[in-house]
Amino acid sequence: MDLKKSIRSIKDFPKTGIMFRDITTLLQDPVALNHAADLLYDKVKDLGITKVVGIESRGFIFGGILASRLNAGFVLIRKPGKLPSKTYSESYTLEYGTDSIEMHVDAIKKGDKVLLHDDLLATGGTAAAAIKLIEKAGGEVVSIQFLIELTFIPGRSKLTGYNVDTLISYDDEN
């Protein structure tokens, strides 16, 4: 099954010049959804993962599915002020300015083997910040997965030294 055919592309969203890769069409198709989940699971099923970390918000979807299949805990990484207990925070650079993400301080234990999941790899800034949070808490990032990678943006270079897997690649904006 060609999962790329399950992704809707929307020109000039959220702003002019951006080709948005909309995964909602894949999520609405139970065959495509299960096929993507199977492919992601098969890549990590033998790694001894104890926690799956999903990045807000679309990383929660497959992250939760994978945690269930792996019999692992699921950890949320969210934007500031969204988590109710004590958090670690990490800032990262955007094209114009900075942003930050947070994770509960008790979500990852020393020695946890962690799968980090998000829906899209573009600049790599959010994933690199998430890695810092996981490692600050004592976790070991054993794999990083994305449903989609925009290979024309060098985000993977920020993740050097880590095992990175993607299911769908786009080599340009078209």
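The values are calculated or read from the model by the stated rules, or taken from the named source; none is laboratory data. Predicted model, so just to flag it, every value in this text is computed and none were measured. When we count neighbours, we look across all protein chains shown, and the Cβ atoms used for this are built from the backbone with ideal geometry, even at glycine.
So here's what we get for this one:
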| quantity | calculated |
| --- | --- |
| Test: residue in the stretch 40-49 that is surrounded by 12 or more Cβ atoms within 10 Å (Cβ to Cβ) and in contact with a Gly (Cβ under 7 Å, 6 or more places away or on another chain) | no |
| When residues of the stretch 15-31 are limited to those that are within 18 Å of the chain's Cα centre (by Cα) and hydrophobic (A, V, I, L, M, F, W, C), the one surrounded by the most Cβ atoms within 10 Å (Cβ to Cβ) | Leu26 |
| Matching entry among Tyr92, Tyr162 (being among the aromatic types (Phe, Trp, Tyr), more than 25 Å from Ser6 (Cβ to Cβ) and not in a loop (DSSP other than H, G, I, E, B)) | Tyr92 |
| Any chance Phe62 is touching a helix residue (DSSP H, G or I) at 6+ places or on another chain (Cβ under 7 Å) and within 22 Å of Gly125 (Cβ to Cβ) | yes |
| Complete set of residues in the stretch 95-115 that are closer than 19 Å to Val141 by Cα, part of a strand (DSSP E or B) and of a type outside the set (A, V, I, L, M) | Glu102, His104, Lys113 |
| Residue, nearest to Gly54 (Cα to Cα), within the stretch 92-124, restricted to residues that are surrounded by fewer than 20 Cβ atoms within 10 Å (Cβ to Cβ), at pLDDT 95 or above and not basic (Lys, Arg) | His104 |
| Every pair of residues 6+ apart whose Cβ atoms lie under 6 Å, when the first sits in the stretch 139-160 and is in contact (Cβ under 8 Å) with a residue 24 or more places away in the chain while the second is among the acidic types (Asp, Glu) and crowded, with 21+ Cβ neighbours inside 10 Å | Gly139/Asp112; Phe146/Asp118; Leu147/Asp119 |
| Residue among Lys158, Lys132, Lys110 that alone is in contact with a helix residue (DSSP H, G or I) (Cβ under 9 Å, 6 or more places away or on another chain), more than 27 Å from Ala32 (Cβ to Cβ) and of a type outside the set (Phe, Trp, Tyr) | Lys158 |
| The stretch 44-59, residues that are of a type in the set (A, V, I, L, M) and out of contact with any helix residue (DSSP H, G or I) (no Cβ under 9 Å at 6 or more places or on another chain) | none |
| Test: residue in the stretch 109-129 that is within 27 Å of Asp172 (Cα to Cα), of a type in the set (Val, Ile, Thr) and in contact with a Phe, Trp or Tyr (Cβ under 8 Å, 6 or more places away or on another chain) | yes |
| Residue count for the stretch 115-174, restricted to those that are of a type in the set (Asp, Glu), more than 23 Å from Pro80 (Cα to Cα) and within 14 Å of the chain's Cα centre (by Cα) | 2 |
| Every residue from the stretch 32-56 that is free of Cβ contacts under 8 Å to residues at least 12 places away in the same chain and either within 14 Å of the chain's Cα centre (by Cα) or outside any helix (DSSP H, G or I) (or both) | Asp46 |
